[in-house]
Amino acid sequence: MRRARASQVGPGPGDPEPPGPAADLDSPQPAAGLGGPGPAADPRGAGRLVAFEGVEGAGKSTQLRLLGRELERLGREVVATREPGGTPLGERVRAILLDPASAGMHPRAEALLFAAARAQLVEQVIRPALDRGAVVLCDRYLHSSLAYQGAARGLGVEAVQAVNRWGTGGLLPDVVVLLDLDPSVGLARRPGSRDRIEDQELEFHRAVRLAFRDLAEADPDRFAVVDGDLPAEQVADRVRAAVLARLEERRVGLG
Ligand code: TYD
């Protein structure tokens, strides 16, 4: 699986097409023509964006890796990346965001920094990969900002969505895998020093969990909610089944 690091994925040769989102923030449906066989094939290829979301310690990274291997076995090009980060600029912004020394950062500044890192990742890594027809697996994406900054920080989901609509050129994930877990369980899985956001009180993380569940309920076609408290192999089975079914529904050829 290709892990998108700045050293591996350059800025790309510039987009020959107008931004052609996999799915647009203004329309709940994915773009027509999803690259499957047949006349409706999307000129961008069969690229698809799958985001993994959840509270701290929910198991996103492990599950992302396992799904990536599975998709590669099915013959897909897979690009794995993470947020905040995934580009040299994004990794520098990540360091600022997570540094406990950034205490006192205003919630709006925080939301804008997450959106800035995302904007860079979309242009430098995600769109070029989608244009090649790859499946992009992203460890967190837009819905983390909606849950953490929009809901838990109290900025409002609509406001954060608007900033990100602009920042990403409207690129929505085709599938969101939500690993649902009680945050006290997730935080207990990772003892040791906590970054600035992990270090928020438990109530904050509970609000994040509830927000993710609300977002999933409001958008059931996009979300696959999996119980993150199950053994990892069972989670992996459910993630694989749910993602393949959704990609299939969207007529993505899986080899
Ligand atoms: P992540 O790398 O997933 O941390 P971890 O591996 O510890 O789960 O995410 C970093 C932190 O940033 C995490 O606490 C969630 C937070 N975050 C937001 O608050 N908003 C966002 O938009 C994103 C992408 C992450």
Quiz item: Out of all the residues in the range 201-255, which are at pLDDT below 95 and more than 19 Å from Arg73 (Cα to Cα)?
Solution: Asp221, Glu249, Arg250
Quiz item: Of the residues that sit in the range 45-79 and are near the ligand (Cβ under 10 Å from one of its atoms) and of a type outside the set (D, E, K, R), which one is farthest from the chain's Cα centre (by Cα)?
Solution: Gly57
Self-check item: Selection count where residues are surrounded by fewer than 18 Cβ atoms within 10 Å (Cβ to Cβ) and within 10 Å of the ligand (Cβ to nearest atom), scope the range 163-196
Solution: 4
Self-check item: Complete set of residues in the range 107-122 that are within 15 Å of Ala159 (Cα to Cα) and away from the ligand (no atom under 12 Å from the Cβ)
Solution: Arg108, Ala109
Self-check item: Pair list, Cβ < 6 Å and 6+ apart or interchain, from the range 195-216 residues that are more than 21 Å from Gly156 (Cβ to Cβ) to residues that are of a type in the set (A, V, I, L, M, F, W, C) and within 13 Å of the ligand (Cβ to nearest atom)
Solution: Asp195/Leu98; Arg196/Leu98
Quiz prompt | Answer from Ala245, Ala224 - the residue that is closer than 18 Å to Leu49 by Cβ and within 17 Å of the chain's Cα centre (by Cα) | solution = Ala224
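The values are calculated or read from the model by the stated rules, or taken from the named source; none is laboratory data. Bear in mind the structure is a predicted one, so any value in this text is a computation, not a measurement. For neighbour counting, all protein chains shown are included, and Cβ atoms are generated from backbone atoms with ideal geometry for every residue, glycine included.
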